[in-house]
Amino acid sequence: MHQTDFEIPGFSDDLREAIQHKLDNKAKPVGSLGRLEFLAKQVALIQNSLTPQLNNPVMLTVAADHGITAEGVSPCPVEITWQQVHNFLSGGGGIGLLSRVYGMDLHVVDAGVNYDFQAHPKLIDAKVAKGSRNFLQEPAMSDEECMQAFNNGRSIVASFHEKGSNIIGFGEMGIGNTTPASALMSIICKLPVSDCVGPGAGLDNEGVLNKCRVIEQAIEKHGISSSVLQNLARFGGFEIATIAGGMFEAATRRMVILVDGFITTAGLLVAQELNRKVLDYCVFAHVSDEQGHQKMLAYMQANPLLSFGLRLGEGTGAALAYPMIKGAVAVLSEMTSFEEAQVINTSHIRFEEKGELQSS
């Protein structure tokens with residue numbers, strides 16, 4: 001399978017020290033804003049700047065259908081995918097609401113929905129095919145289709161960056177898409193399928209067992225490749241491939257990446273197998289109630305911001321995290337220093353892990 005450029009810039013150690021010095025000289029006890037300070041440092045390193053700022057925040061909700069639904073892996077009718085796309089485009093659904101509340105520019109990407117949409121200013125037509133194929137019977141995508149979807153994601157993100165965006169969130173919509181996400185998780189994280197499968201949109205216990213059997217049989221049929229992109233083609237979906245490419249491109253362009261839930265994180269699993277540096281650019285918004293998500297995050301040594309019991313997808317968790325990123329950036333760029341505030345400098349006083357004060 002053809003592979004494109006997978007280089008991602010690293011971070012500056014000198015800048016890391018300068019950021020820490022700036023944070024430590026804000027008019028507050030050192031480290032007293034906790035993870036907000038870590039976020040501030042991360043965004044500054046991503047932007048390679050001591051004065052980071054967030055410009056034109058974008059939310060991409062990527063939609064596609066899945067042939068694997070023929071195996072009864074979802075209790076929901078497949079028509080919900082295209083119906084929800086219409087809903088999002090009209091400002092509805094969880095992501096339509098939260099994007100509006102938090103000031104993110106929502107765009108819906110048709111990566112492979114089994115429906116013909118009319119043109120809409122917030123709809124991006126990146127359809128590769130009208131749904132992936134049933135991967136129990138044949139590969140979900142051809143190698144060419146997989147790379148087309150991956151490179152579509154790269155092109156879409158590149159276009160937003162060129163228009164001035166430096167922060168982007170990813171979400172998804174696609175009935176049945178927890179099944180390809182679980183399959184990819186099992187392969188990449190080297191975990192039993194049973195550790196990766198959950199109820200998705202509402203399967204009962206027998207439905208979950210059926211989903212496990214379907215994935216196990218498919219993996220046995222197709223085998224596991226040494227190429228992550230080959231495995232993506234065999235077991236993935238158009239939205240997962242598009243998200244993987246989009247995240248990768250965002251990292252190459254030093255954009256902050258807001259990572260949502262289970263399916264979106266499956267796309268990141270693929271991207272970080274190509275170059276683990278992509279993780280440096282990711283803010284993990286939350287841990288999903290889908291049982292496999294915790295194990296995905298553990299595999300990447302990720303520390304999510306929120307634990308809200310979310311399992312909607314769409315990008316809703318990523319949207320909820322955006323105000324925290326805004327606050328973190330404001331701390332570094334706008335909060336007064338001891339000198340500016342004319343407050344006695346206590347930056348020499350540090351907290352030990354047990355919370356005891358110590359003078360340095």
Quiz item: Counting only residues that are more than 29 Å from Glu145 (Cα to Cα) and of a type in the set (A, V, I, L, M, F, W, C), which one in segment 57-109 is least open to solvent (accessible area, probe 1.4 Å)?
Solution: Met104
Quiz item: Going by the conditions given, is Val78 within 30 Å of Met255 (Cα to Cα) and modelled with pLDDT of 95 or more?
Solution: no
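Please work out if Gly317 is crowded, with 22+ Cβ neighbours inside 10 Å and out of contact with any helix residue (DSSP H, G or I) (no Cβ under 7 Å at 6 or more places or on another chain). Please lay out each step first, then the result.
Values: crowded, with 22+ Cβ neighbours inside 10 Å: yes; out of contact with any helix residue (DSSP H, G or I) (no Cβ under 7 Å at 6 or more places or on another chain): yes.
Judged against the criteria, Gly317 is a match.
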Quiz prompt | Conditions (1) hydrophobic (A, V, I, L, M, F, W, C); (2) touching a helix residue (DSSP H, G or I) at 6+ places or on another chain (Cβ under 6 Å); (3) surrounded by fewer than 23 Cβ atoms within 10 Å (Cβ to Cβ); (4) touching a residue at least 40 places away in the same chain (Cβ under 8 Å): number failed by Met173 | solution = (3)
Quiz item: Out of all the residues in segment 210-220, is one or more modelled with pLDDT of 95 or more, closer than 22 Å to Asp110 by Cα and among the β-branched types (Val, Ile, Thr)?
Solution: no
Quiz prompt | Given (1) open to solvent by less than 40 Å² (accessible area, probe 1.4 Å); (2) in contact (Cβ under 8 Å) with a residue 60 or more places away in the chain, number of the condition Leu123 does not satisfy | solution = (2)
Quiz item: In segment 136-170, how many are open to solvent by 20 Å² or more (accessible area, probe 1.4 Å), more than 26 Å from Leu106 (Cβ to Cβ) and either hydrophobic (A, V, I, L, M, F, W, C) or within 20 Å of the chain's Cα centre (by Cα) (or both)?
Solution: 1
Quiz prompt | Positions within segment 150-186 being part of a helix (DSSP H, G or I) and in contact with a Phe, Trp or Tyr (Cβ under 7 Å, 6 or more places away or on another chain), in sequence order | solution = Arg154, Thr178, Pro180, Ala181, Ala183, Leu184
Quiz prompt | Conditions (1) farther than 23 Å from Ala244 by Cα; (2) touching a Gly at 6+ places or on another chain (Cβ under 6 Å); (3) β-branched (Val, Ile, Thr): number failed by Thr51 | solution = (2)
Quiz item: What about Ile19, is it under 30 Å from Arg234 (Cβ atoms) and either acidic (Asp, Glu) or at pLDDT 90 or above (or both)?
Solution: no
Quiz item: What tally of residues in segment 44-56 results from selecting those that are on the phi > 0 side of the Ramachandran plot and either surrounded by 14 or more Cβ atoms within 10 Å (Cβ to Cβ) or without any contact (Cβ under 8 Å) to a residue 60 or more places away in the chain (or both)?
Solution: 1
Exercise. Within segment 320-345, track down each residue that is within 14 Å of Gly261 (Cβ to Cβ) and open to solvent by 20 Å² or more (accessible area, probe 1.4 Å).
Key: Leu320
Self-check item: Pairs where the first residue, in segment 216-241, is closer than 21 Å to Ile175 by Cβ and the second is modelled with pLDDT under 95, C-beta under 9 Å, 6+ apart
Solution: Ala233/Met1
Quiz item: Looking at segment 230-245, is at least one residue modelled with pLDDT of 95 or more and more than 19 Å from Asp65 (Cα to Cα)?
Solution: yes
Practice problem: Give segment 19-30 a look and list any residue that's open to solvent by less than 40 Å² (accessible area, probe 1.4 Å) and under 23 Å from Cys282 (Cβ atoms), or say none. | Solution: Ile19, Leu23
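The values are calculated or read from the model by the stated rules, or taken from the named source; none is laboratory data. Quick caveat, the model's predicted, so the values are computed rather than measured. A quick note on method: Cβ atoms are made from the backbone with ideal geometry, for glycine too, and the neighbour counts reach across all protein chains shown. Side chains are part of the model used for accessible areas, which takes the heavy atoms of the whole protein and leaves out ligands, DNA and RNA. Shrake-Rupley method; radii C 1.70, N 1.55, O 1.52, S 1.80 Å.
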